[in-house]
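Worksheet for the structure shown next.
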Protein chains: 2
Amino acid sequence: MAQKPSIPKGTRDFSPEETARRNYIFDTIRKAFNLFGYKQIETPAMENLSTLMGKYGEEGDKLLFKILNSGDFMKGVSDNELSGHDPARLASKLCEKGLRYDLTVPFARYVVQHRNDLQMPFKRFQIQPVWRADRPQKGRYREFYQCDADVVGSESLMNEVELLELVDTVFDNLDIRIELKLNNRKVLAGIAEIIGEPDKIVDITVAIDKIDKIGIENVNEELRTKGISEDAISALQPLLTLSGSNEEKLSVIERILSGSETGKRGVEELREVIDSFDARGHKCELNLDVSLARGLNYYTGTIIEVKAKDVAIGSITGGGRYDNLTGVFGMPGLSGVGISFGADRIYDVLTQLDLFPQTITSSVKILFVNFGKQEAAMAARVVKELRQAGISAELYPDATKMKKQMAFANAEKIPYVGIIGDQELETGRITVKELETGTQELLSAEEIIRRLS
Amino acid sequence: MAQKPSIPKGTRDFSPEETARRNYIFDTIRKAFNLFGYKQIETPAMENLSTLMGKYGEEGDKLLFKILNSGDFMKGVSDNELSGHDPARLASKLCEKGLRYDLTVPFARYVVQHRNDLQMPFKRFQIQPVWRADRPQKGRYREFYQCDADVVGSESLMNEVELLELVDTVFDNLDIRIELKLNNRKVLAGIAEIIGEPDKIVDITVAIDKIDKIGIENVNEELRTKGISEDAISALQPLLTLSGSNEEKLSVIERILSGSETGKRGVEELREVIDSFDARGHKCELNLDVSLARGLNYYTGTIIEVKAKDVAIGSITGGGRYDNLTGVFGMPGLSGVGISFGADRIYDVLTQLDLFPQTITSSVKILFVNFGKQEAAMAARVVKELRQAGISAELYPDATKMKKQMAFANAEKIPYVGIIGDQELETGRITVKELETGTQELLSAEEIIRRLS
């Protein structure tokens, strides 16, 4: 007897119910992407390792799944390389392809490769799985979907505003209440500049980011440990206690950053994005948050993060403005802004708040019981009519015991059962039983269609 | 300057237009699958190699993409194995995971792994990519989608009939005229038995299969080369010249196979499937074809193949009945029947016959020209209204030259352009220009919605 089969750790099977729920999320996002004029592309699961390596830092390189070359993969590998015990170097000899790690690098590669076919600004979206050889843990998988929308080739802040509207639309359609957090990398750079520590932007931001968790005193202590001067720390204090409306916060920041050109540009950008977004109207809560430092090494302007208001879970969507997406592939100077929806966390939020619509998981509306050849033949014709009317219906394939067929309908949560016996064969009318209430009625095919439409 | 990036051979990028067309195919198939009560599941791209190896024959094993183990993949590999120059053996040490080769083995693995959660009969569908390290050539890729529907846990021929209806529905919805070919493995076995060569079923079928290409004389010659006796060859002749209706063909086959129990069962099965399918009504042409030998080593009953009537291309869909799908994973005796739609070939057929609906590739209905801050603000509010009404609309993000923005609309095949200048700001009505005709009208937001809905 064979061992019970399993799947690689960190990967998942999705049952019909889970798949239906995931499709509901993907379909909602895709619909909004299309409505906003983003165009879907797809790229291969496998990319050349030369495309992927060096794009995610040293740690990222280690997390790439590499694909063993086909055929005689040992050809051309020297004894030295074999015995050298340098796995990274040897891997580069054995493998020339890897699974994509995100959708951003393949997108950059796509833009450069197809630059002559693209109209700028290019608004693209992509909903595909990515793979990371991360240590699996709760909520972290080795295969998971990313849902990314980006626009490249335009520096206009209208793109940022549109992405915020997109976020607002998606979560409104999913019925999830969100807080949209906004920041700008130029503000962070301005802060570091103004307090005389332009190189310590990361340390400063990391410390500020902890304020909710550890309090002001401990943040200041951490800044001291990082070698930030007392003058600088006191210059920072008003930023640590920002409160009030977004405009009130902006005024404080503006005053503090009045000596930094970069910082002032950041404030201007934030103000334009916030004002335009407010002018267009939105349902979500929008908060300026100077401690937001998501993707600090990557983003160059606007930084966006989304939190669910009613579930304690990390960020469920994030994005920002970047410069020079494609420079590494030989096409410099292309700026863009993008957003990425975290499907797995959105799934968890919808589950915890019980927000998945009932309708998405019960696709079959009526099961026809099979009493034998003649009855089944009539049932099959009715099933065909129902399907032509767009109603999902099925005939139980085997003429087994009624009890077994009813148990099947119950287990599959099929709401109605159609019964065709002698009487029904004669009259052409079908007994339709609603399983929840137990009520029965004699209906024609047309009446069933009307009832179930 | 970096080298222009590329993708691995045999893989593809899909442009927005191609993706929209592929989605049209997948959506049409998915919709029919749902209507017929098949439930979608998804399985991981990576399976354990122990799940995949040995399931596709020796050649298949070589075509599996294997994934290099993470971390120190050389640990535990002996010098002997390294220098042994046995790539297959060494690969099994370096890799424990591989990319799925088809959707059938993962489905079998899924059924066994989740057997306690499944209701039988279990109707599942799956639309996901698979990977094969085949030599790439025209129409053959290393990554491609399969669209499979299977029902397991029921031996009723009603399942076969339903799959034929499903095929009929999908191609009717795609507007592709098809010929559905039907055969039964038991008939082939009966033929081999009756002519006294039960072991030569494959040789006989391969020879018969060529009749359209090489003619009867050459088929007979080939049978002789394979060591089939003259008596057997003459017993075969009526089968090589079958003609007339399906029932006429069945009568001839029935007479010839009257001495074979297996053959007679095959004829009975074919007759039941054909009669039931005909009784339910169908649009496609249905032809019994005893030379159809698709997946001979796999199928045990019904064999199905679909050809496009108006394009010379191989089979675009195929399937059949199999026994013991899950035996190899320790769950014997599970019979099923399935069908697989070939998305790439269907794409080619739709392209050649120019059958893709125009609507699927032009998603944005109206582009608003950007003349500056104030004008853009008004345009943004109109765009928001249109989107809320389900109309895909966008605002050009930059206030660049009108000519450039119009060129963008033209290149993107956006049918309407909305223009908001001084006059429009004042009156609140928008100039809407239809690009094809050049006609202009002054419309309110509501009127635009009515026009574009």
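The values are calculated or read from the model by the stated rules, or taken from the named source; none is laboratory data. Because the structure is a prediction, the values reported are computed rather than measured. Positions of Cβ are generated from backbone atoms using ideal geometry, with glycine treated the same way; all protein chains shown enter the neighbour counts. Remember, those area values only see protein heavy atoms, side chains included, never the ligands or the DNA or RNA. Shrake-Rupley method; radii C 1.70, N 1.55, O 1.52, S 1.80 Å.
Based on protein heavy atoms only, region B:14-170 ends up with 37 Å² per residue of surface accessible to a 1.4 Å probe. Overall size of region A:23-178 from C-alpha positions, given as principal axis extents largest first: 59, 43, 26 Å.
Projecting 7 Å from Cα along the Cα-to-Cβ direction, the label point of B:Asp310 sits 5.1 nm from its equivalents in the other copies, listed shortest first.
Give me the percent of the accessible area of region A:1-159 that comes from carbon and sulfur atoms, probe 1.4 Å, all protein chains in place. Percent of accessible area from carbon and sulfur atoms in region A:1-159: 44.
When the charge dipole of region A:77-157 is built from unit charges on Cβ atoms (+1 for Lys and Arg, -1 for Asp and Glu) and taken about the Cα centre, the candidate among A:Pro136, A:Ala108, A:Met120 whose Cα reaches farthest toward its positive end is A:Pro136. With N counted as the residues of region A:277-318, its alpha-carbon radius of gyration over 2.2 N^0.38 Å works out to 1.30.
Under Stokes-Einstein, with the Kirkwood radius over Cα pairs as Rh, the value for region B:189-284 at 20 °C and 1.002 mPa s is 150 µm²/s. Looking at region B:303-451, the DSSP beta bridges with both ends there are about 75 percent antiparallel. In this structure, the amide hydrogen of B:Gly301, modeled 1.01 Å from its nitrogen in the peptide plane, lies closer than 5 angstrom to those of B:Arg185, B:Arg321, counting only residues at least 5 positions away or on a different chain.
Pair-distance distribution P(r) for chain A, from all Cα-Cα distances in 20 Å bins starting at 0: 20, 41, 27, 11, 1 percent. Here is the list for region B:16-121: trypsin sites (Lys or Arg not before Pro) lying in DSSP coil, each with at most 10 other C-beta atoms within 10 angstrom of its C-beta, are B:Lys75.
Each Lys and Arg contributes +1 and each Asp and Glu -1, all at the Cβ; summed about the Cα centre of the protein assembly as shown, the dipole is approximately 700 debye. Calculated FRET efficiency, A:Gln352 to B:Leu425, Cβ-Cβ distance, R0 = 51 Å: about 0.65 to the nearest 0.05. Spin-label model, A:Glu59 to B:Lys283: label points 7 Å out along the Cα-to-beta-carbon direction sit 5.5 nm apart.
Only Cα pairs under 8 Å and at least 6 apart count here; give the relative contact order of chain A as a rounded whole percent.
Details: 712 pairs, mean separation 66.6, N = 453.
Contact order relative to length: 15 percent.
Taking the convex hull of the alpha carbon positions in region B:300-362 and averaging its projected area over all directions gives 6.3 nm². Ascending distances from the A:Asn297 label point to its copies in the other chains, with the point 7 Å along the Cα-to-beta-carbon line: 5.0 nm. Potential lengthening of the chain between A:Val77 and A:Asn324 amounts to 85.3 nm, from the contour at 0.36 nm per residue minus the alpha-carbon distance. The distance between label points at A:Asp27 and A:Asp117 comes to 2.9 nm (points 7 Å beyond Cα on the Cα→Cβ vector).
Once the 1.4 Å probe is applied to the protein heavy atoms, region A:305-418 comes out at 41 Å² accessible per residue.
Value of Rg to Rh for region B:218-359, rounded to two decimals, is 1.02; Kirkwood radius and Rg both from alpha-carbon coordinates.
Structure shown: which of B:Lys55/B:Lys123; A:Lys181/A:Lys226; A:Lys283/A:Lys365; A:Lys264/A:Lys307; A:Lys55/B:Lys365 lie over 32 Å apart, alpha-carbon to alpha-carbon?
A:Lys283/A:Lys365; A:Lys55/B:Lys365
Using the empirical formula 2.2 N^0.38 Å as the baseline, the Cα radius of gyration of the protein assembly as shown reaches a ratio of 1.08. Three semi-axes describe the equivalent ellipsoid of region A:321-396; taken as square roots of 5 times the Cα gyration tensor eigenvalues and ordered largest first, they are 52, 19, 9 Å. In the full protein context, region A:189-267 carries 52 Å² of accessible surface per residue, based on a 1.4 Å probe and ignoring ligands, DNA and RNA.
Just how far, in whole angstrom, is region A:373-405 from region A:1-40 if you go by their alpha carbon centroids? Cα centroid to Cα centroid, the span is 30 Å.
Taking every pair of Cα atoms in region B:114-238, average 1/r, invert it to obtain the Kirkwood radius, and report Rg/Rh to two decimals. That ratio equals 1.07. Taking every residue in A:389-395 and counting other chain Cβ atoms within 10 Å of its Cβ, the average works out to 4.
Within the protein assembly as shown, what percent of beta bridges assigned by DSSP are antiparallel, to the nearest 5?
If I count the DSSP bridges inside the protein assembly as shown, around 80 percent turn out antiparallel.
Over region A:344-449, the reciprocal of the mean inverse Cα-Cα separation, the Kirkwood hydrodynamic radius, stands at 14.8 Å. Annotation for B:Gly60, label-to-label distances across the other copies: 3.8 nm (shortest first, one decimal, point 7 Å from Cα along Cα→Cβ).
The packing ranking of peptides A:215-221, A:299-305, highest mean first, is A:299-305, A:215-221, where packing means the average number of other beta carbon atoms within 10 angstrom of each residue.
Calculate the mean, over all residues of peptide A:105-116, of how many other protein chain Cβ atoms lie within 10 angstrom of the residue's Cβ.
Taking all residues of A:105-116 together, the mean is 2.
Chain B against chain A buries an accessible area of about 8300 Å², both chains summed, 1.4 Å probe radius. Report the far tail of the P(r) of region B:125-192, meaning the percent of Cα-Cα pairs longer than 20 Å. Value for region B:125-192: 56 percent of Cα pairs lie more than 20 Å apart.
Just to be sure I understand: if I project the alpha-carbon convex hull of region B:281-432 onto a plane and average over all orientations, what area do I get in nm²?
For region B:281-432, averaging the hull's shadow over all directions gives 16.3 nm².
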